[in-house]
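The values are calculated or read from the model by the stated rules, or taken from the named source; none is laboratory data. Just so it is clear, the model here is predicted, and its values are computed rather than measured. As a convention, Cβ positions derive from the backbone with ideal geometry for all residues, glycine included, and neighbour counts pool all protein chains shown.
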There are 2 protein chains.
Amino acid sequence: MISRRSFLSLASASALAIPTRAWSRQSPRPAINAARLRNRLERLSTHGRPAGGTFADGVSRVAYSVADLTARAFMIDEIKSADIVPRIDAAGNIFARYGGQPNQPAILFGSHIDSVPNGGNFDGDLGTFSALEVIQAVQAAKIQTKHPIEMVLWAHEESTAFGIMTAASRIVAGDLQAGDMDRTWNGMKRSDAIKRLAGNPDQIETAIRGKGTWHSYVELHIEQGGTLDQARVPIGIVEGIVGLHRYEVVIEGVANHAGTTPMGERKDAMVAAAQLTLAVRDIAARRQGRQVGTVGQIAIEPNSPNVIPGKATLSVEFRDLSEPVIRALDDALKTRASEIAKETGTTIAFTLSSANVGVPTTSGIQAAIGRAASALSLQTRVLPSGAGHDAQQIARLCPMGMIFVPSVGGVSHSPKELTTWDDCERGANVLLGTVLDLDARDSV
Amino acid sequence: MISRRSFLSLASASALAIPTRAWSRQSPRPAINAARLRNRLERLSTHGRPAGGTFADGVSRVAYSVADLTARAFMIDEIKSADIVPRIDAAGNIFARYGGQPNQPAILFGSHIDSVPNGGNFDGDLGTFSALEVIQAVQAAKIQTKHPIEMVLWAHEESTAFGIMTAASRIVAGDLQAGDMDRTWNGMKRSDAIKRLAGNPDQIETAIRGKGTWHSYVELHIEQGGTLDQARVPIGIVEGIVGLHRYEVVIEGVANHAGTTPMGERKDAMVAAAQLTLAVRDIAARRQGRQVGTVGQIAIEPNSPNVIPGKATLSVEFRDLSEPVIRALDDALKTRASEIAKETGTTIAFTLSSANVGVPTTSGIQAAIGRAASALSLQTRVLPSGAGHDAQQIARLCPMGMIFVPSVGGVSHSPKELTTWDDCERGANVLLGTVLDLDARDSV
């Protein structure tokens, strides 16, 4: 058995104020089992795979679907096979804890396994199964950590189900409002959905956890963007999770016959929607920085080739780490929308449908990830997360950090989503190193 | 009984090379029964009216629907009540003929009663029931026409059903291809649809009529545009029915995460679709003339607020009386589309989904309409029809003309479609006068 401190010896000692020692020649460095990780991810992929498809065809494993249920059962079996006892909370989240001294808060790490429809095999899956690997690596290396180490599978992360993103970690962080359990989606009540996961909607408040429950939270995730892949850097240290303002925009014009209404007399909602779409792009693109703006959804009425569209409903979102930047983008768009409405004879109404404030990660965890990567001679790059993650909810309860690995071509939410097995292994080992690094600190 | 020639006495004699006489003081001018016309249109409106609605709520009377069937039965009853025998051809068109000398070709006039979903009470309906009024007015005035006068209710005019416009008059004009009867729409085979109308799909070719079948064809219709309403002119003389090129345009980009993909790395199909939509408008609007261009339909994939659209499918159409003008618009758009594709990193493919060559109306019928309006002291304006009509199909068989009446606010294909009852009466009387004017001529 090696001590926790001996593991830390390979971290860049100069950056640390704690004593370090060289690895003993007898004890191999603790490491995750890359072959087992790959095998589990390949088996997980069969839950929700298109009929007749292969791993390359991705998955549809929407939260609460049959595929989600069987995948969770698979995960529970794998946890049990590691001689750890899984626990399901009232929201359906699966926790499994190992080791540590009594009365010490646990170090939490994990991700999710639900997917978007026609999603990929790495988004969430990698971080969840790597968390189990971390526990098994610690077990295998017979390391006795000071803090319990605890993995988590968040029950419902993607916004597909009930239109809510990171729904299960939100509850844990305390977001629970009257009527939440009565919301319906696809004819299913949210309370019934949670029951499918062996959660307990009648005592849902027991899932809420207070500040101080955990020592810290770390999530390994694929980048879902192309920055690391293009730069050929294997490890991303997330500086923060961007904030988001999402609007439902309704444009009202006048539907009329496409053959008989002169160009000058039209109040064409599609023309106004087109102008607004280009305004979103231009406003996001013309400013220095990494902010983004997207129109991802549109419906027009009556949506017939021979009728001038009388109504358009579209989604608009802006994202950035900085809330003031997002507000400036909003203001610029609304100003431009007034001009467009005037020019096209339409009305344009904005309703804020979703808002998240950007969440910075904890600098102490950023440093721990850097040390863990450095110990493995892996290059790192600090970057923001453009996507939302459960980590941003848990940041309300304890110090939080995220590790990114490259997405080939920056593709995600698609069957083409790909992270190489070597990068998966590197990411999981950096997660392991980070957890052990954090274990050496009483506070981050 | 008055003679046909005596009726013509009020037409502008100077424009005619035929003898004219003043109306005899004893014989009232033949006229349609405006109260009956209104009453019939109001009763027709109940077939397809929204539950609990009124006349102002419009109709959904899509071809082959139950509402269409019961409305046709109502029309057949009204025809029979005028002591005329209706005949249904193999395509489901309803004809009813009155008077005339043996071996003379009939003068045909009529329209349709099928509607778009959520359509109005005048598009087609007015021309169809005015046709019955014309026959009844001739009966009432005991006029013996030289040519049989024949009304028609075209079975299927709107493009809603099977995606085909003026489907039933196309068959009469000879458009019939192998497999047409096997097309399906909403799970219904076209042959079965036609059987619902008491048509005979097994002998569908018997519906085809040759050149020379009719002396001429006249259709009264609402303008469906705002020209007459704005100019406060009660009668439009249609100079031609515009041609149309309609494309299905498919734009392929790359779907990707809306939060993680920098603006400069996107291949956003919605942005390309927006640029194309504005190009259609600009290309149609910047040129002198009455050409129009419309994007009336769009679908994007995956159509999710947090995913950059990877694919957009949209309809584009250009209309004008002149085929060379339409071709020039097409060319300009395709040139611009190449630039848009290059700029956005997308591919843009055009498939011609529908094309109609513009059809001029017969100048002799334009003149007859002018004389009939003048006899009633009604102002006229010559204008194109931006919409397609059964008249453009029948123009292949005989001289053709169209009479327009004002659409309030230019609105059509909407429950708000409105033509005042006074304008309905004026239009029907001009149709009557035109038919009697044409009856005086062996050829137009």
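For every residue, the table says whether it meets (1) within 23 Å of the chain's Cα centre (by Cα); (2) in a helix (DSSP H, G or I); (3) of a type outside the set (Phe, Trp, Tyr).
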residue	(1), (2), (3)
B:GLU343	no, yes, yes
B:THR351	no, no, yes
B:PRO384	yes, no, yes
B:GLY409	yes, yes, yes
B:GLU417	yes, no, yes
B:ARG426	yes, yes, yes
B:ASN429	yes, yes, yes
B:LEU432	yes, yes, yes
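For the stretch A:177-220, a residue qualifies if it is in contact with a helix residue (DSSP H, G or I) (Cβ under 6 Å, 6 or more places away or on another chain) and among the hydroxyl-bearing types (Ser, Thr, Tyr), and the qualifying residues are A:SER191, A:SER216, A:TYR217.
Within the stretch B:340-384, the set of residues being touching an Asp or Glu at 6+ places or on another chain (Cβ under 7 Å) and within 14 Å of chain A (Cβ to nearest Cβ) comprises B:THR344, B:THR346, B:THR351, B:SER353, B:GLY358, B:LEU383, B:PRO384.
Somewhere in the stretch B:166-175, is a residue at pLDDT below 95, surrounded by fewer than 23 Cβ atoms within 10 Å (Cβ to Cβ) and away from every other protein chain (no Cβ under 14 Å)? Checked against the condition, which is being at pLDDT below 95, surrounded by fewer than 23 Cβ atoms within 10 Å (Cβ to Cβ) and away from every other protein chain (no Cβ under 14 Å), the stretch B:166-175 yields at least one hit. If the condition is being facing chain A (nearest Cβ under 8 Å) and under 21 Å from A:ILE308 (Cα atoms), then the stretch B:307-329 contributes B:SER315, B:GLU317, B:ARG319.
The residues of the stretch A:385-409 that are surrounded by fewer than 24 Cβ atoms within 10 Å (Cβ to Cβ) and within 13 Å of another protein chain (Cβ to nearest Cβ), listed by number, are A:GLY388, A:VAL408, A:GLY409. For the stretch A:267-278, the set of residues classified as more than 7 Å from chain B (Cβ to nearest Cβ) and surrounded by fewer than 22 Cβ atoms within 10 Å (Cβ to Cβ) consists of A:LYS267 only.
I'm checking my understanding of the structure. Among residues of the stretch A:32-48 that are in contact (Cβ under 8 Å) with a residue 12 or more places away in the chain and small (Gly, Ala, Ser), which one is nearest to A:CYS424 (Cα to Cα)? Step by step, filter the stretch A:32-48, then rank; the result is A:ALA34.
Which of the residues that make up the stretch B:86-125 are without any contact (Cβ under 8 Å) to a residue 12 or more places away in the chain and not charged (D, E, K, R)? Walk me through how you get there before you give the answer.
First, the residues of the stretch B:86-125 that are without any contact (Cβ under 8 Å) to a residue 12 or more places away in the chain: B:86-87, B:102-103.
B:PRO86, B:PRO102, B:ASN103 - these are the residues of the stretch B:86-125 that are without any contact (Cβ under 8 Å) to a residue 12 or more places away in the chain and not charged (D, E, K, R).
Residues in the stretch B:213-237 that are within 14 Å of another protein chain (Cβ to nearest Cβ) and closer than 12 Å to B:GLY427 by Cβ: B:HIS221, B:ILE222, B:GLU223, B:LEU228, B:GLY236.
Given the criteria touching a Gly at 6+ places or on another chain (Cβ under 8 Å), within 27 Å of A:HIS221 (Cα to Cα) and touching a residue at least 12 places away in the same chain (Cβ under 8 Å), does A:GLY240 qualify? Outline the logic, then answer.
On the way: touching a Gly at 6+ places or on another chain (Cβ under 8 Å): yes; within 27 Å of A:HIS221 (Cα to Cα): yes; touching a residue at least 12 places away in the same chain (Cβ under 8 Å): yes.
Considered against the rule, which asks whether it is touching a Gly at 6+ places or on another chain (Cβ under 8 Å), within 27 Å of A:HIS221 (Cα to Cα) and touching a residue at least 12 places away in the same chain (Cβ under 8 Å), A:GLY240 comes out as yes.
Could you check the stretch B:37-69 and list, in sequence order, the residues that are within 21 Å of the chain's Cα centre (by Cα) and of a type in the set (Val, Ile, Thr)? Residues satisfying the conditions are B:VAL59, B:VAL62. Close Cβ contacts (under 6 Å, 6 or more residues apart or on different chains) running from residues in the stretch B:192-214 that are within 26 Å of B:PRO105 (Cα to Cα) to residues that are surrounded by fewer than 16 Cβ atoms within 10 Å (Cβ to Cβ) comprise B:ILE208/B:GLY174.
With respect to B:GLY52, determine if the residue is surrounded by fewer than 14 Cβ atoms within 10 Å (Cβ to Cβ), in a loop (DSSP other than H, G, I, E, B) and in the same structural domain as B:ARG371 (by TED's automatic domain parsing). For B:GLY52, the condition - surrounded by fewer than 14 Cβ atoms within 10 Å (Cβ to Cβ), in a loop (DSSP other than H, G, I, E, B) and in the same structural domain as B:ARG371 (by TED's automatic domain parsing) - is met. For B:LEU321, state whether it is closer than 27 Å to B:VAL295 by Cβ, surrounded by fewer than 23 Cβ atoms within 10 Å (Cβ to Cβ) and touching a Pro at 6+ places or on another chain (Cβ under 8 Å). Yes; evaluated as a whole, the condition is true for this residue.
Of all the strands (runs of 3 or more DSSP E) wholly in the stretch A:92-157, which have at least 1 residues that are more than 15 Å from the chain's Cα centre (by Cα), within 14 Å of chain B (Cβ to nearest Cβ) and closer than 21 Å to B:ALA258 by Cβ? It would help to see each step written out before you state the result.
Values: elements: A:94-98, A:106-112, A:149-154.
Here the list is empty.
The set of residues from the stretch B:311-341 being under 23 Å from the mean Cα position of the chain (by Cα) and among the acidic types (Asp, Glu) comprises B:GLU317, B:ASP320, B:GLU323. Within the stretch A:279-306, the set of residues being among the small types (Gly, Ala, Ser), in contact with a Ser or Thr (Cβ under 9 Å, 6 or more places away or on another chain), facing chain B (nearest Cβ under 7 Å) and closer than 16 Å to B:PRO262 by Cα comprises A:ALA284, A:GLY296.
Scanning the stretch A:312-319 turns up at least one residue that is of a type in the set (A, V, I, L, M), over 21 Å from A:THR160 (Cβ atoms) and assigned to a strand (DSSP E or B). All conditions in (1) crowded, with 23+ Cβ neighbours inside 10 Å; (2) in a helix (DSSP H, G or I) hold for B:ALA73, with the sole exception of (1).
Would you confirm whether any residue within the stretch B:58-75 is of a type in the set (Gly, Ala, Ser), free of Cβ contacts under 8 Å to residues at least 12 places away in the same chain and in the same structural domain as B:VAL116 (by TED's automatic domain parsing)?
Within the stretch B:58-75 (the criterion being of a type in the set (Gly, Ala, Ser), free of Cβ contacts under 8 Å to residues at least 12 places away in the same chain and in the same structural domain as B:VAL116 (by TED's automatic domain parsing)), the answer is yes, since at least one residue qualifies.
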